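Throughout, read-outs are computed from the coordinates displayed, never taken from laboratory work. As the structure is a computational prediction, the values presented were derived from the model and not from experiment. Note: ideal-geometry Cβ built from the backbone for every residue, glycine included; neighbour counts use all protein chains shown.
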Amino acid sequence: MAKRDSKTGTCTNPACKKEFLIIAQEISFYEEKGLPMPDLCPACRHRQRMALRNERRLYKRTCAKCNKDMLSTYPEDAPYTIYCQKCFWEHIG
Ligand SMILES: [Zn+2]
Ligand SMILES: [Zn+2]
């Protein structure tokens, strides 16, 4: 196996744009798996992962208007009135 050199990437997050090092082992890992090289610095990658995790978290709630069961990204104790999709649009419309 050919020895690879570490290289520098630039974070594509416009708010960050930090340069970060991709070490040789990391490069061969991505190439082996056929994955694209990371375009975010480790800190932004971590933040992105956390954001994705939060988005996927759903709670079983009841619509405040029609009492239908539904899934919401807000937990039971969130200080928001929760409406189902339909009632939400009626409410703001
Ligand atoms: Zn970054
Ligand atoms: Zn509803």
Within the chain, how many lysine pairs that are 8 or more places apart, or on different chains, have C-alpha atoms less than 25 Å apart? 8
Environment charge of Asp69, counting only residues whose C-beta is closer than 12 Å and scoring Lys/Arg +1, Asp/Glu -1: +3
Amide H neighbours of Tyr59 under 5 Å, counting only residues 5+ apart in sequence or on other chains, H built in-plane at 1.01 Å? Ser72, Thr73, Tyr74
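What trypsin sites (Lys or Arg not before Pro) does segment 47-78 have in DSSP loop regions with at most 16 other beta carbons within 10 Å?
Arg57, Lys65, Lys68
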Might you report the magnitude of the Cβ-based charge dipole of the chain about its Cα centre, with Lys and Arg at +1 and Asp and Glu at -1, to the nearest 20 debye? 100 debye
Which listed residue (Gly9, Ala24, Gly34) has the Cα farthest towards the positive end of the charge dipole for segment 7-55, taking +1 on Lys and Arg C-beta and -1 on Asp and Glu C-beta about the Cα centre? Gly9
Met37/Ile92 FRET efficiency (R0 30 Å; Cβ-Cβ; nearest 0.05): 0.10
